[in-house]
Structure formats: structure tokens, C-alpha cells
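Engineer: Structure below; questions to follow.
The values are calculated or read from the model by the stated rules, or taken from the named source; none is laboratory data. Owing to the predicted nature of the structure, the values given are computational and were not obtained by experimental measurement. Backbone-built Cβ (ideal geometry, glycine too); neighbour counts: all protein chains shown. Note: areas computed on protein heavy atoms with side chains; ligands, DNA, RNA excluded. Shrake-Rupley method; radii C 1.70, N 1.55, O 1.52, S 1.80 Å.
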Amino acid sequence: MSRLGIRWVVLYFLSILVPAALLAFLSVRSLRDVRDSVRQELRSKAVLVQDDFDRLINSRDQLLSVYIEDGAMDPRLYAGFAEIEQIFAVNPSGMLLHPAVQPLHLQEPREVFAAQIAKAEEREFGHQDWVGGVQLYRQAWKEAASPAEEAEALNALARCAYKGKDMAMVEGAHQTLTAFYGHVFDADGTHPVTLSHLRLGRYAESEQAQASLMAWTEALLEGRYPLYAGCRQALQEARTLAQDRLADMEDRPILLERLALIEKALDFALRFGPVVKAQWATAQKQGYLSGVRDDGTSFLLYLGAAEGGGAVGILFDWAALTALVQERIEGLAERGFALTLFDADAEATFLAAHREAIYETGPASRWMDRVRLGIWAADTSAATGYYRTRNYLVGGGIFALAVSVVLGGLMILRDAGREVQVARLRSEFVANVSHELRTPLTAIRMYAETLLMGRYRSNEQMQDYLTTLLHESRRLSHLVDNVLDFARIERGDRTYQRQPCDLGTVARDALETFGGVFAAEGFEVEETIAAELPPVLADQEAVEGAVANILGNAVKYSSEHKTIRLAVEQRDAEVVVEVADRGIGLPTGEEERIFEQFHRGANAASTAGTGLGLSLVKSVVEAHEGRVEATNRPDGGSVFRLYFPVHTEDKAHA
């Protein structure tokens with residue numbers, strides 16, 4: 001290649017590789033922006049969370065209209081909504097109506113009543129006189145001056161009657177307590193009705209004990225009995241009874257569930273009663289209120305107006321609310337993201353917990369400023385993997401594009417070089433054909449003029465001249481046939497009249513055409529043609545021409561060892577025509593290339609030729625569904641083999 005050509009190639013590579021390398025560098029560098037890409041995705045997810053959160057809250061607010069209408073505060077009615085922790089009611093002064101903790105009003109008992117109770121207790125505990133004790137408690141109940149004294153006396157009466165096994169008296173006192181004294185506390189701040197229920201749960205038969213505790217929890221849930229500070233101890237005792245004494249009862253799970261609901265309502269009333277009253281004092285009797293509990297978790301309250309100046313409200317369960325929102329945002333968990341909701345006062349806690357992660361914070365709602373959203377990459381590798389893979393794909397695509405462009409350029413250069421090579425070979429072909437044509441034409445003209453002018457001395461010499469004319473005319477005809485066949489093959493016009501034929505006969509006919517040449521050149525010819533060869537489907541004239549080309553090359557390229565062997569035999573499902581000589585052989589590494597058009601072996605440059613013969617041989621054999629191969633002989637020379645498939649009836653019908 002010239003120096004100018006080298007410069008152009010170098011320039012071409014630089015024009016492709018430099019931009020490709022720059023783009024690849026920028027692509028790899030963009031991996032640093034993965035975190036920014038993830039944050040951008042988190043922002044887009046946050047918008048979806050806002051929309052879904054607001055829709056969810058609005059749908060739950062609408063539930064309050066049901067509770068406002070019928071005043072149903074039983075927590076079992078909204079057990080199907082995990083995100084609702086508590087529904088409550090507020091009176092016009094801001095105090096919780098339900099669930100509500102009744103405040104204790106301790107007072108000194110009347111001396112007369114206290115003396116009567118003390119006298120009855122002396123009979124009960126000191127003398128174990130159950131009948132006398134019951135009579136004294138009954139007398140105290142009748143002379144009581146307030147519901148508190150009445151309830152205390154009835155509870156003591158039931159206790160003493162139970163010790164005396166007067167179950168009718170016990171049942172009567174218990175029914176009276178539950179019917180008229182559900183919201184009454186005694187002077188010591190205890191709830192006589194609760195004590196009566198627990199007593200039955202502790203000492204009565206299992207079924208009656210369970211019925212008593214179930215009735216007590218049902219009344220607490222419905223608000224017929226009040227919640228009070230000491231109620232927690234009573235709940236614990238009831239839970240112990242349910243787990244131990246009533247462990248085999250069928251309704252035990254229901255009882256435990258009710259106790260849990262009551263305790264949750266008690267916790268709510270104690271924790272949020274003051275919060276709601278403080279909110280009420282600010283004249284913000286409707287809307288949302290959020291904050292942070294003592295345990296560090298956030299809370300969200302909603303207050304909706306009710307008739308009469310009060311309100312009903314919802315306490316949302318943050319954990320359940322967060323889980324529900326996360327489930328409703330499609331693809332959030334699959335992309336390795338997680339989210340949480342918190343009050344603005346808890347944002348510092350969130351930032352401290354997730355400072356190592358990729359995160360975003362912002363408002364969780366478009367109209368609740370203090371409710372905040374934190375969304376982060378819980379699985380950083382999964383969250384960043386998409387963008388990292390995308391960048392790698394972009395970089396890989398750029399590299400692939402650069403490589404394809406370079407390869408395309410190389411292919412263009414190769415094709416251009418091949419075109420130049422083909423043009424050079426065509427030029428050499430024209431020159432070789434001209435030379436090949438000129439040689440027999442010159443000989444024919446010379447011998448024809450000699451004969452016309454009578455310049456021969458004897459009839460034998462005239463015969464020699466005529467034989468030479470015939471040989472040269474055949475040579476010329478063979479050369480012209482090759483050129484015409486090549487032209488037809490190039491145009492795709494070459495057709496073959498294939499018929500069943502004997503390759504042995506075809507090869508022998510080709511050999512006979514060279515009889516005069518062999519005799520004149522002094523060749524020793526060995527013919528080995530097997531008998532009874534199977535037929536092949538072939539164009540006899542074309543195949544004979546192919547064999548003749550191989551024989552012609554054997555004559556042309558033989559040196560001092562003028563020996564040619566022609567063999568035809570069957571090998572499995574093929575008939576093989578083999579021509580072996582002791583000539584110059586094949587150049588090493590060119591065993592396949594010698595069948596290319598215009599190609600001539602490196603050791604054949606000094607011998608005239610067109611470079612078409614072997615390419616025509618290959619075209620003819622392959623057109624007959626065969627194959628051709630050429631190898632060197634160990635003792636010098638070459639061997640050409642033409643393989644043709646055996647003709648069978650199945651192929652004929654096909």
C-alpha cells in the first residue's frame with residue numbers, strides 16, 4: 001500500500017475511534033450519576049404516593065358519616081380496616097365521649113354507712129357468719145344515701161352470699177348491679193360491677209364464669225360500662241383467667257380479642273384525650289392533627305364535625321397506613337424501594353436512620369403540611385442496577401457501533417482492494433486469453449500457409465502438418481469453450497442436460513481426445529477404470545470438459561516426469577474421477593484458492609494460462625451436487641479428485 005493510502009487508513013481509524021472513545025468515556029463517567037437518577041425516580045414515586053395517600057385518607061374520612069349517623073363506636077365494626085387504629089367521639093366541650101376514661105372522684109364515706117359496712121364485715125370475715133353478714137349488707141343497702149353506697153353494699157352482699165353458697169342471692173345482687181349501677185364507683189374509686197363480674201369469672205362454674213366475662217367485655221366495648229384508670233388491672237386479671245381457668249372454653253379467643261380491643265381503647269383515651277382537648281381549645285375543631293408519641297412513633301388524627309357541636313374522629317395506624325400505601329404503588333418493592341410516613345417532628349430521626357441510603361423526603365399529602373414522606377432505596381444494588389445496566393448498555397452500544405463502523409470500513413477497504421485485485425486479474429485474464437488465442441492462431445495460420453504454398457517434402461511431413469493443425473484447432477476450440485462457459489456462468493445462463501451416464505465412459509472419452517498430445521509429448525498414461533460403475537446423473541459433455549481441463553493442466557504443468565494416471569471408481573455413494581500427475585504440484589496453502597476465478601498458483605507464473613480452467617471444473621462439479629479436491633502427492637505432483645453422487649431411483653423420482 002502506498003504511503004498516501006496508509007495516511008488515509010490512519011485518518012479513517014482516528015476519525016472513528018477518537019469520537020467513539022470520547023463517547024465511551026462519557027458513558028462510563030455517567031455511572032457517577034446513578035444516584036441522581038435513582039433520586040429522580042424516587043421523586044416521581046413520591047408524586048404517586050401523594051396522590052394515593054390523599055385518595056386513601058379521603059375514602060376513610062367518608063366512613064365517619066356512618067358513625068355520625070348511628071353513633072356506632074364499637075371497634076369491631078372497623079376491624080377490616082387495618083389502617084384505622086381507633087374511631088372516637090368528642091362532646092362539644094372537647095372531652096372524649098367514646099372511648100372515655102371516667103375520672104375518679106374519691107370522697108369520704110358517711111360515718112353511719114361506714115359503721116354499717118364495718119359491722120357486716122366483722123360478721124363476714126371475723127365470725128364467718130355468712131347469713132348474718134348478708135342481712136347486715138342488705139340493711140346497709142337499704143339505708144344507703146347515694147348510688148355509690150348502694151353499689152358498694154350490693155357488691156359486698158353478693159360476695160358474702162357467694163361464701164354462704166346462696167347462689168340465688170348472688171345472682172340477684174349481680175343482676176341489680178349490672179342493671180342500675182353500670183357507671184357507678186364507690187367511695188374508694190373501685191367499680192363494683194367490674195368486681196362482681198370478675199368474682200363470677202374467678203369462682204363460678206366455667207360456663208357461668210365465661211358468660212360473666214363475655215358480658216363484662218361486651219358492655220365495656222359498647223360503652224355501657226366506663227373505662228377508668230384501675231381498669232387496666234381488671235383487664236389483666238380477666239386475661240389471666242381466660243388463659244388459665246377458661247383455657248378449654250370455645251369462646252376463649254373471642255374473649256382475648258375483646259380484652260385487647262378494650263386495652264387499646266383505654267390506651268387511646270389516656271394518651272389522646274388531652275391531645276384532642278388541646279386541639280379543641282385552639283378552635284380547630286375539624287381537620288388533621290399529627291405529632292409524635294412518647295415512644296417516638298408518629299400519629300395522625302382526623303376530626304369531623306358531628307351534630308350538636310361535637311365531633312367524631314379517626315386515629316390512623318401509621319404502620320398499617322404505610323404498608324397499604326406501599327402495596328398500592330406499583331413496582332415500588334420490585335425496584336428495591338421502601339417508604340414510611342412520619343410527622344415533621346420525626347424527620348430528623350428518619351434522616352439519621354437512612355443517611356447512608358439513597359433517599360428523598362417531602363410532603364406525603366398536598367394539604368397536610370406536617371405529614372411527611374420518606375422514600376429510600378432499601379436495596380441499593382437493586383435500585384441502582386437498572387441505571388447501571390442502562391449505562392453499560394449505552395456504553396456497550398457505543399462501542400459496538402464504533403466496532404461495526406470500523407469493521408464496515410475494513411470491509412469497504414477489503415472490497416475495494418478485492419475490486420482492484422479483480423480488475424487486475426481481469427486485465428491479466430484478457431492479456432492471457434489474447435496470448436493463448438494468438439499462439440494457436442499463429443500456428444494454424446503458419447501451417448496452413450505452408451500447406452497452401454506446397455512447402456513440404458513428403459506426404460509424411462504433410463500429415464504431420466495436418467495433425468498439428470488439428471491439435472491447435474482443438475486447443476483453440478477448448479480455449480474458446482472455456483471463455484464462453486465462464487461468461488455463461490457469470491451471467492447465470494449455464495444450463496446442464498443431466499441424464500444417467502457412465503463416468504468411466506465419459507473419462508475414457510476425455511482421455512482419448514488427448515491421445516495425440518500424449519503421443520507427441522511422450523506421456524506415459526495409466527488408466528484404471530472400474531467395471532460396472534453405477535450411473536450418475538450428469539451432463540456428459542460438461543463433465544467430459546471438466547475432466548479434459550484436469551488432463552490439460554496435467555500435460556501443461558508436467559516436467560521431466562511425464563506420467564499421468566486416470567482412475568474412476570465407486571466410494572460409498574459417490575463415483576470418483578481421479579487424475580494424478582508428477583508435475584510441479586500445488587503451492588503450499590493454495591489447495592483451495594486454485595479453484596478461484598483467475599487465480600493461478602505461485603509456481604505457475606512462467607506457464608501460459610487464463611486461470612479459468614479449475615474454476616470451471618469446480619462450477620461444473622458443484623452444479624452436479626458433487627465436490628472437488630486437490631492435494632499434493634508425497635513423491636511429487638498433484639492429485640485432483642472429482643466426486644459425483646450415485647444416481648438412484650429415489651433421486652430420480654424426487
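Engineer: Give me a comma-separated list of calculated 3J(HN,Hα) values for segment 164-174, in order, Karplus coefficients 6.51, -1.76, 1.60 applied at θ = phi - 60°, integers in Hz, x for any Gly or Pro.
Structural biologist: Coupling constants for segment 164-174: x, 6, 8, 5, 5, 5, 4, 5, x, 4, 5 Hz.
Engineer: Starting from the residue with the highest accessible area, list Glu327, Glu629, Glu108 in decreasing order, probe 1.4 Å.
Structural biologist: Numbers: Glu327 140, Glu629 55, Glu108 165 Å².
Largest to smallest exposure gives the sequence Glu108, Glu327, Glu629.
Engineer: Let me ask something else about it. Give, in nm to one decimal, the length gained when the segment between Leu56 and Thr513 is fully stretched (0.36 nm per residue of separation minus the Cα-Cα distance). Each step should come with its number before you reach the end.
Structural biologist: Values: separation 457, 0.36 × 457 = 164.52 nm, distance 10.10 nm.
So the extension gain works out to 154.4 nm.
Engineer: Same structure again: How long are the three semi-axes of the equivalent ellipsoid of segment 135-224, in whole Å, if each is the root of 5 times an eigenvalue of the C-alpha gyration tensor, listed from largest down?
Structural biologist: 20, 17, 9
Engineer: For a quick protection proxy, order the peptides 365-372, 572-579, 348-355 by their average other-Cβ count within 10 Å, most packed first. Present the calculation step by step, with values, prior to reporting the outcome.
Structural biologist: On the way: 365-372: 16.2, 572-579: 18.6, 348-355: 13.0.
The packing order, highest mean first, is 572-579, 365-372, 348-355.
Engineer: 5 Å is the cut-off here: which amide hydrogens, built 1.01 Å from N in the peptide plane, fall below it relative to Ile358, excluding neighbours closer than 5 in sequence?
Structural biologist: For Ile358, the qualifying residues are Ala377.
Engineer: Lys556 accessible area, nearest 10 Å², 1.4 Å probe?
Structural biologist: About 80 Å², ignoring ligands and nucleic acids.
Engineer: Continuing with the same structure: Using r as the Cβ-Cβ distance of Ala215 and Arg328, and R0 as 41 Å, what FRET efficiency do you calculate, to the nearest 0.05? Each step should come with its number before you reach the end.
Structural biologist: Working: r = 41 Å, r/R0 = 1.00.
Step by step, r from the Cβ atoms, then E = 0.50.
Engineer: Taking amide H positions as placed 1.01 Å from N in the peptide plane, with prolines and chain starts having none, which residues 5 or more places from Gly585, or on another chain, fall under 5 Å of its amide H?
Structural biologist: For Gly585, whose amide H was placed from the backbone, the distant partners under 5 Å are Gly637, Ser638.
Engineer: Let me ask something else about it. Give the residue from Phe268, Leu246, Leu235 lying farthest towards the positive end of the charge dipole for segment 232-288; charges sit on Cβ (+1 for Lys and Arg, -1 for Asp and Glu) and the dipole is referred to the Cα centre.
Structural biologist: Of the candidates, Phe268 comes out farthest on the positive side.
Engineer: At a threshold of 8 angstrom on Cα-Cα distance, excluding pairs fewer than six apart, so keeping six or more, what relative contact order does segment 123-265 reach in percent? Spell out each step's value before the answer.
Structural biologist: Working: 156 pairs, mean separation 23.6, N = 143.
16 percent.
Engineer: For segment 263-299 and segment 126-174, what is the centre-to-centre distance using only Cα atoms, to the nearest Å?
Structural biologist: Here the two parts' Cα centres lie 42 Å apart.
Engineer: Let me ask another. At 1.4 Å probe size, with the rest of the protein present, what percent of the exposed accessible area of segment 207-265 is carbon and sulfur atoms?
Structural biologist: 47 percent
Engineer: Using a 1.4 angstrom probe, figure out how much accessible area segment 186-339 has per residue, in square angstrom, rounded to the nearest whole. Could you put the intermediate results ahead of the total?
Structural biologist: Details: 6730 Å² over 154 residues.
It amounts to 44 Å² per residue over segment 186-339.
Engineer: Can I ask one more? Using the Karplus equation 6.51 cos²θ - 1.76 cosθ + 1.60 (θ = phi - 60°), what ³J(HN,Hα) coupling, rounded to whole Hz, does each residue of segment 313-328 give in order, writing x for Gly and Pro?
Structural biologist: My calculation for segment 313-328 gives x, 10, 9, 7, 8, 4, 4, 5, 5, 4, 4, 5, 5, 5, 5, 7 Hz in order.
Engineer: Give me the percent of DSSP beta bridges within segment 500-579 that run antiparallel, rounded to the nearest 5. It would help to have the intermediate numbers written out before the result.
Structural biologist: Details: 8 of 14 bridges.
Taking every DSSP beta bridge within segment 500-579, about 55 percent pair in antiparallel fashion.
Engineer: Right, another one. If the reach is capped at under 27 angstrom between alpha carbons, list the lysines near Lys277, excluding any in the same chain fewer than eight residues apart.
Structural biologist: Result set, ordered by chain and number: Lys264, Lys285.
Engineer: Follow-up question, since we're still on this one. When the Debye formula is applied to the Cα atoms of segment 286-327, each taken as the same point scatterer, what base-10 log of I(q)/I(0) results at q = 0.14, 0.15, 0.24, 0.29 Å⁻¹?
Structural biologist: Log10 of I(q)/I(0), two decimals: -0.41, -0.46, -0.84, -0.97.
Engineer: Which one, Leu96, Gly164, Phe81, projects farthest toward the positive side of the charge dipole computed for segment 80-164 from Cβ point charges (K/R +1, D/E -1)?
Structural biologist: Towards the positive end, the residue furthest out is Gly164.
Engineer: Name the residues whose placed amide hydrogens come within less than 5 Å of the amide hydrogen of Ser290, ignoring near sequence neighbours (fewer than 5 apart) on the same chain.
Structural biologist: Leu301
Engineer: Can you list the HN-Hα couplings for segment 182-197, worked out from phi with the Karplus curve (6.51, -1.76, 1.60; θ = phi - 60°), rounded to whole Hz and with x for Gly and Pro?
Structural biologist: Values per residue, Gly and Pro as x: x, 10, 9, 10, 7, 5, 8, x, 8, 10, x, 4, 4, 4, 5, 4 Hz.
Engineer: Tell me the carbon and sulfur percent of the accessible area for segment 507-550, rounded to whole percent, probe radius 1.4 Å. Mind dumping the intermediate values first?
Structural biologist: Values: 1000 of 2160 Å².
Carbon and sulfur: 46 percent of the exposed surface of segment 507-550.
Engineer: Sticking with this one: Would you list which lysines come within 28 Å of Lys618, measuring only between C-alpha atoms, while excluding same-chain residues fewer than 8 positions from it?
Structural biologist: Within the straight-line cut-off, Lys618 pairs with Lys556, Lys562, Lys651.
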